[in-house]
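For reference, the structure is listed below as structure tokens.
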Amino acid sequence: MQREPCRLYLLTPPRIDDLERFAPLLEETLQAGDVAALQIRLKDTPDAQFRAACKALIPIAHAANVAVLINDRVDLARDMGADGVHIGQEDMPLSEARNILGREAFIGATAHNSRHLAMLAGENGADYVAFGAFFESATKTPKMQATTDILSWWSELFEIPCVAIGGITADNCISLVQAGADYLAVCGGVWNAKEGPAQAVKAINQAIEQA
């Protein structure tokens, strides 16, 4: 089947200590190249601080025509005007998230390296499934390792988009695109890049085009 070109799916850093400094950096980064979506992923962040981040960052993303998903927090996705939520295997059931957010919301689900979990998510109405980790990551210690064959298998059989995640950079993403990833979920590969986040976004988009 013919699929749309692969696109970048940007995750925020797991902590944002200085929101006033990060907000303009995000704006600059989103303007540097094609970004399909932004996931606000703030682990172990107090609720008030999480809400403040959503209030500041969601309008920036929407102004750049970038969809916004909240990691784990269905309540914040509903309350703060996000476009959807990403849920892991230990989070709220997908069907319950759909009941809360409605049919129009984007809901993505983690499938790790499991074909069974991916098919189950698809059957339950996920808008995308996320496979990984594909590489070592400085952002998060991966629970499981995935290989590119799961991307090829999924993209050949299913219309629901698949997301590749885990240690992805401009230097290693080509094999994932060639295997069939519809989106590349990147965190440290952008925010920790030596050349800066904006240049990293440009480099990843160039690598996608090359693939």
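For the stretch 2-12, which residues satisfy the criterion of being surrounded by fewer than 16 Cβ atoms within 10 Å (Cβ to Cβ) and modelled with pLDDT of 95 or more?
Selection gives Pro5 alone.
Filter the stretch 125-184 down to the residues that are of a type in the set (Asp, Glu), modelled with pLDDT of 95 or more and either touching a Pro at 6+ places or on another chain (Cβ under 8 Å) or over 25 Å from Gly84 (Cα atoms) (or both) and list them by number.
Of everything in the stretch 125-184, those that are of a type in the set (Asp, Glu), modelled with pLDDT of 95 or more and either touching a Pro at 6+ places or on another chain (Cβ under 8 Å) or over 25 Å from Gly84 (Cα atoms) (or both) turn out to be Asp127, Asp149, Glu156, Asp171, Asp182.
Looking only at the stretch 95-111, how many residues end up being part of a strand (DSSP E or B) and farther than 11 Å from Gly125 by Cα?
Final tally of qualifying residues: 2.
Can you spot a residue in the stretch 134-152 that is within 26 Å of Val74 (Cβ to Cβ) and surrounded by 23 or more Cβ atoms within 10 Å (Cβ to Cβ)?
no
In the stretch 164-199, how many are touching a Leu at 6+ places or on another chain (Cβ under 8 Å), farther than 21 Å from Asp17 by Cβ and not in a strand (DSSP E or B)?
Number satisfying all stated conditions: 7.
Which residue pairs have Cβ atoms under 7 Å apart, sit 6 or more places apart or on different chains, and have a first residue in the stretch 159-179 that is under 14 Å from Asn192 (Cα atoms) and a second that is of a type in the set (Asp, Glu)?
That search, which allows pairs on different chains as well, returns Gly167/Glu136.
Kindly list the number of the only condition in (1) β-branched (Val, Ile, Thr); (2) touching a helix residue (DSSP H, G or I) at 6+ places or on another chain (Cβ under 6 Å); (3) touching a residue at least 40 places away in the same chain (Cβ under 8 Å) that fails for Val68.
Condition not satisfied by Val68: (3).
Tell me whether the stretch 31-41 contains one or more residues that are assigned to a loop (DSSP other than H, G, I, E, B), in contact with a Pro (Cβ under 7 Å, 6 or more places away or on another chain) and at pLDDT 95 or above.
Yes, that holds for at least one residue.
Count, please, the residues in the stretch 1-28 that happen to be in contact with a Cys (Cβ under 7 Å, 6 or more places away or on another chain) and of a type in the set (Ser, Thr, Tyr).
Of the residues in that region, 0 qualify.
When you scan the stretch 13-31, do you find a residue that is hydroxyl-bearing (Ser, Thr, Tyr) and surrounded by fewer than 20 Cβ atoms within 10 Å (Cβ to Cβ), even just one?
No, the stretch 13-31 has no match at all.
Has the stretch 149-157 got at least one residue that is among the polar types (S, T, N, Q) and within 20 Å of Lys43 (Cα to Cα)?
The answer is no; no qualifying residue exists.
Quick check on the stretch 50-65: of everything there that is of a type outside the set (A, V, I, L, M) and touching a helix residue (DSSP H, G or I) at 6+ places or on another chain (Cβ under 8 Å), which residue is surrounded by the most Cβ atoms within 10 Å (Cβ to Cβ)?
Going through the qualifying residues, I end up with Cys54.
The values are calculated or read from the model by the stated rules, or taken from the named source; none is laboratory data. All values reported here derive from a predicted model rather than from experimental measurement. Here Cβ is always computed from backbone atoms with ideal geometry, including for glycine, and neighbour counts include all displayed protein chains.
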